[in-house]
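The values are calculated or read from the model by the stated rules, or taken from the named source; none is laboratory data. From a predicted model like this one, the values you see are computed outputs, not experimental measurements. Reconstructed Cβ throughout: ideal geometry from the backbone, glycine too, with neighbour counts over all protein chains shown. The area values use the complete protein model at the heavy-atom level, side chains included, leaving out ligands, DNA and RNA. Shrake-Rupley method; radii C 1.70, N 1.55, O 1.52, S 1.80 Å.
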Amino acid sequence: MARYVFGRFLSGLVTLFGITVVSFFIIQLVPGDPAELQTATIADAQVSEAVYERLRELYGLDQPVVVQYVRWVGKLAQGDLGSSFHDGRRVSAKIGDALWPTLSVALLSFLLTLIISVPIGIYSSVKQGGRFDRIMSTLLYMLYSVPSYVMGMLLILFVGVKLDLLPFRGMRGDDYADLTLVGQMWDLAKHYVLITFCFTFGNLAYYSRFVRSNLLEVVRQDYIRTARAKGLSERRVVLKHAFVNSLIPLISLIGLTFPFVLSGSVILEYMFSWPGLGRLYFEGVLQRDYPTIMALNLITALLVLGSTFLADLSYGLVDPRVRYDD
Amino acid sequence: MTTEPNTLETPSPSGLRQVWQRFRRDRLGFAGLLVVLAMFAVAVLAPMLANEQPIACKYDGALYFPALIETIDQIPLVTLVVHKPVPFRLATFVYKEEFDASRGDWAIWTPVPFGPREIISPPLEGPSGLHWLGTDQSGRDVLARLIHGTKISMKVGFLSMGIAALIGLILGCAAGYAGGWVDMVISRVIEVVTCFPPFFLILAVLAWFPPRIEYVMIVIGLTRWVGIARFARGELLRIRESDYALAARALGVRPLRLVFRHLLPNAMAPVLISITFGIAASILIEAGLSWLGFGVQAPEASWGSILRAGYENLFTAPHLIPPACIAIFVAVLAFNLVGDTLRDVIDPRLQTGPRA
């Protein structure tokens, strides 16, 4: 096992290096730099030239690319993500601000997904091939095929504009500051509804299918037969013996998908004027704000790497065959 | 190993035929395939379906076929040989204004007699007998733009996945066949690219290029190859030790030929499935990028840009949103259905999606 962990760790380190290289060079490959962008509006050529050089020096853009890379990694190692080219704020502060809106929606959405899809999955597997199973799977497949931003547009149009039921711009209403505490919470909750739904509905099909097929697999095991032979109720067999044993793959599925959800959705967050990471990234791209783009790329990639690593480890722990695979 | 002499009177149908026979029996999958084909037809025939110039017409005593020629001209290089005759080729020439029945002019118009870029009516009008889906913010016919948007979607879907397949197959085959350090390096590269959210990567690269649909295709292709590479690698790892690979090697078949002639055809099933899903994803990404303003530029039409126009005029022109939504939904659903059915039919082992 130690050997397996070590091997995984080593290959993870190589990948980590690759991630920093991609995060850094994807920005550098391209013509034009932020100094150029900021001086583009200065009409006087000579002033513009001087300011340009000063800015380049300030950002360290006058150094060879490799030196810039090493410096960047060195700062990263100290936890320094740099400052935004756009407004000079610390990138870590900007990300900190945007983290909660995205994280809260992601957590809510995962919670909802589990609350809805686990019971559906269990019930479908018990009544495999029955009417409930078939209707649910068709219904959820239809939902699954609706792209999230298409659903977002339709919800905004029908629920937000036509019915005027729910707000769809930002996290808070205009009168938020004047509301009572209860009123504020109600206002906040209303703003969460549409965007959370957009993050959730597509997962339902996947998760309920996943629960269903895992359960069907587990139900065939000998210990389930033993449990039935002992005379336990079907309800107890399914919930206690079967479902609990099908939890491990479910948890690792959540672990693997979570980092991607955390990166937010650029389109959805932009659509709902949601001040999260996806929108921060998009604004960074519009403003050619290198540090912000690089930091967000790097952080999400690291999260994905980390959770893949953990998932691999847990598989290796549960299933010894994996350890000898490579 | 024992080999049975082939004594069957009728040879069993070939693998491809078997797949097709099973595919045909899946009603949903078949419907999906029909929709895909229909969309393809709409894309190719777009200039004959919605055009400001007629399919055939008489103008000032002579016969012209502007929309027909425009359709043919979509084939690369044909423009060099066949092109619209002079009055119709000029940007300033508007046939609808020059049309004069008293002179004996007549015209067979396209089903939607408007071009995707033709500014013809007041902006943001709701659906009417003249404009079935209304007009957009510049007074262009929405249906015409939807039809021509199909062209963009199909083009992006197929070409970007073509690029992705090329990269993915080459790298995947190299890793799976060569093994050793080649596999090590390529596997790490695959892992690195997998770690980035695809949309982040695409935006990061696109941000620096002038917004053109060609770049969108290339960048989507450059970021979406990992799935294909992974499948190709896995399959090649599996079959390179098979008896027929050994037999071919014993016969002295060179590695390149071995891979492309003997191994790859047998590894295509999961790759093909991955490509089908990839087309759906690319269509979705392109529409999303165009919605954000990074894809197709005005006045060109894309489903995403129509959707964007609707978003910007939510209160005044709600009619812009549902048609574009339906187009994107149907396209994605059709390709996913085809992909799911292909997977069921070719290789039930690969079943992971939400449809059982």
Between the helical axis of B:180-195 and the dominant principal axis of chain B, each derived from Cα atoms, what acute angle in degrees is found, rounded to the nearest 10? 40 degrees
Scan of chain B for GluC sites (Glu not before Pro) in DSSP loops with at most 15 other beta-carbon atoms within 10 Å gives a longest site-free stretch of B:10-240
Work out the length of the dipole vector of chain B about its Cα centre, built from +1 on the beta-carbon of each Lys and Arg and -1 on the beta-carbon of each Asp and Glu, and round it to the nearest 20 debye. 1080 debye
Per residue of A:137-148, how many C-beta atoms from partner chains lie within 10 Å of its own C-beta, taken as a mean? 5
At q = 0.12, 0.15 Å⁻¹, what base-10 log of I(q)/I(0) does the Debye formula yield for the range B:198-342 when every alpha carbon is treated as an equal point scatterer in vacuo? -0.64, -0.84
Roughly how compact is the range B:179-240, stated as its Cα Rg over 2.2 N^0.38 Å to two decimals? 1.34
In Å, what Kirkwood hydrodynamic radius results for the range B:279-349 from the alpha-carbon pair distances? 13.2 Å
In whole angstrom, largest first, the equivalent ellipsoid semi-axes that the Cα gyration tensor gives for the range A:58-166 are 46, 21, 14
Most positive-pole-ward Cα, A:TRP186, A:THR138, A:PHE199, against dipole of the range A:118-269 from beta carbon charges: A:THR138
Placing +1 on the Cβ of each Lys and Arg and -1 on the Cβ of each Asp and Glu in chain B, which of B:VAL189, B:SER121, B:ALA67 has its Cα farthest towards the positive end of the resulting dipole? B:VAL189
DSSP-defined beta bridges in the protein assembly as shown - what % are antiparallel, rounded to 5: 90 percent
Each label sits 7 Å from Cα toward the beta-carbon; between A:ILE248 and A:VAL159 the label points are separated, in nm, by 3.8 nm
Work out the P(r) tail for the range B:62-182: percent of alpha carbon pairs separated by more than 24 Å, whole number. 51 percent
Mean shadow of chain B, computed from the convex hull of its alpha carbons, in nm²? 24.9 nm²
Evaluated at 20 °C and 1.002 mPa s, the Stokes-Einstein D of the range B:250-321 based on the Kirkwood radius over Cα pairs, in µm²/s, stands at 139 µm²/s
Selection from A:SER84, A:LEU313, A:PHE168, by position along the positive dipole direction of chain A (Cβ): A:LEU313
Given the whole protein assembly as supplied and a 1.4 Å probe, what does the accessible area of B:ILE120 come to in Å², nearest 10? 70 Å²
Asserting the computed 222 nm helical MRE of chain B (DSSP H runs at least 4 long, -39500 (n - 2.57) per run, divided by residue count, to nearest 500) equals -19500 deg cm²/dmol
Computed over chain A, the ratio Rg/Rh where both radii use C-alpha atoms and Rh is Kirkwood: 1.07
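What part of the accessible area of the range A:183-326, given as a whole %, is carbon or sulfur when the probe is 1.4 angstrom?
The value for the range A:183-326 is 62 percent carbon and sulfur by accessible area.
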Please report, as a whole percent, how much of the solvent-accessible surface of the range B:219-356 comes from carbon and sulfur atoms (probe radius 1.4 Å). 62 percent
Note on the range A:149-272: the mean projected area of its alpha-carbon convex hull, in nm², is 10.9 nm²
Share of alpha-carbon pairs per 10 Å distance bin for the range B:220-265, given as whole %: 26, 45, 21, 7, 0
What's the magnitude of the charge dipole for the protein assembly as shown around its Cα centre, counting Lys and Arg as +1 and Asp and Glu as -1 at the beta-carbon? Answer in Debye, nearest 20. 2800 debye
Heavy-atom accessible area of A:MET142 with all protein chains present, probe 1.4 Å, nearest 10 Å²? 90 Å²
Ranked order, A:VAL318, A:VAL5, A:VAL238 - accessible area, probe 1.4 Å, largest first: A:VAL318, A:VAL5, A:VAL238
As a check on your grasp of the helix formula, calculate [θ] at 222 nm for chain A: sum -39500 (n - 2.57) over DSSP H runs of n ≥ 4, divide by the residue count, round to the nearest 500. -24000 deg cm²/dmol
Charged-residue dipole, Cβ positions (Lys, Arg, Asp, Glu), the range B:1-145 about Cα centre, Debye nearest 20: 460 debye
Relative to the longest principal Cα axis of chain B, at what angle does helix B:303-312 sit, 0 to 90 degrees, rounded to 10? 60 degrees
Shielding by partners for A:238-244, please: the mean number of other protein chain Cβ atoms within 10 Å of each residue's Cβ. 0
Per residue, how many Å² of accessible area does the protein assembly as shown show with a 1.4 Å probe? 50 Å²
So how much accessible surface do A and B hide from each other in total, probe 1.4 Å, in square angstrom to the nearest 100? 4400 Å²
Counting partner chain Cβ atoms within 10 Å of every residue's Cβ in B:212-225, what's the average? 0
Equivalent ellipsoid semi-axes, the range B:121-230, via Cα gyration tensor eigenvalues times 5, rooted, Å: 42, 14, 10
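Per-residue counts of other Cβ atoms within 10 Å, averaged by peptide: what ranking do you get for A:97-103, B:34-40, highest first?
Numbers: A:97-103: 18.3, B:34-40: 15.7.
Output ranking for A:97-103, B:34-40: A:97-103, B:34-40.
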Using only the Cα atoms, work out Rg/Rh for the range A:211-281, with Rh taken as the Kirkwood radius, to two decimals. 1.33
Excluding ligands, DNA and RNA, the carbon-plus-sulfur percentage of the accessible area of the range A:1-145 with a 1.4 Å probe reads 65 percent
Over the Cα atoms of the range B:23-72, Rg to Rh with Kirkwood Rh, two decimal places? 1.29
When each pair of different Cα atoms in the protein assembly as shown is counted once in the 1/r mean, what is the Kirkwood radius in angstroms, to one decimal? 28.5 Å
Which residues make up the longest stretch of chain A that has no trypsin sites (Lys or Arg not before Pro) in a DSSP loop with at most 16 other Cβ atoms within 10 Å? A:231-326
